[in-house]
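I have placed the structure first, in the form of structure tokens, so that the comments after it can refer back to it.
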Amino acid sequence: MKNSVQLIGHVGQEPEIKNLEGGKKLANISIATNEVYYKDNGDKVEQTQWHRVTAWGKTADIIERFVTKGKEIAIEGKLTHRSYDDKDGNKRYVTEVIANEILLIGK
């Protein structure tokens, strides 16, 4: 159970699909998860968290064929952290989920 992530949420934008050299396929999506709780005074609080998700191979194929903006999905994968230098030379940090499995939920 080391480094295991499970999320259920709605896709925030159309998937970004890339076909790489050697026939590899890459899919990038963002998923919104929502949490609702109540403060001590009874006020309702809704929080939305956005998660970057990357998928490779067959999982990317499934995303390309069946996933669209607004679709509710469940994913299982691992959490990763990486950094890169943007076009202005600034170091950027990214946290994302590398999806191993995807489950299509809803209509």
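The values are calculated or read from the model by the stated rules, or taken from the named source; none is laboratory data. Remember, predicted model here, so these are calculated numbers, not experimental data. No Cβ is skipped: glycine too gets one built from the backbone with ideal geometry, and neighbour counts run over all protein chains shown.
Numbers at a glance
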read-out: Selected residue (criterion: nearest to the chain's Cα centre (by Cα)) from residues of the range 48-107 that are polar (S, T, N, Q) and either within 12 Å of SER30 (Cβ to Cβ) or assigned to a strand (DSSP E or B) (or both); value: THR54
read-out: Leading residue by the ranking (nearest to THR54 (Cα to Cα)) among those in the range 6-26 that are part of a strand (DSSP E or B) and out of contact with any Leu (no Cβ under 9 Å at 6 or more places or on another chain); value: LYS25
read-out: Some residue of the range 33-45 being modelled with pLDDT of 95 or more and surrounded by 10 or more Cβ atoms within 10 Å (Cβ to Cβ); value: yes
read-out: Test: residue in the range 80-90 that is surrounded by 13 or more Cβ atoms within 10 Å (Cβ to Cβ) and touching a residue at least 40 places away in the same chain (Cβ under 8 Å); value: no
read-out: Odd one out for VAL45, checked against (1) of a type in the set (A, V, I, L, M); (2) without any contact (Cβ under 8 Å) to a residue 60 or more places away in the chain; (3) within 18 Å of GLU14 (Cβ to Cβ); value: (3)
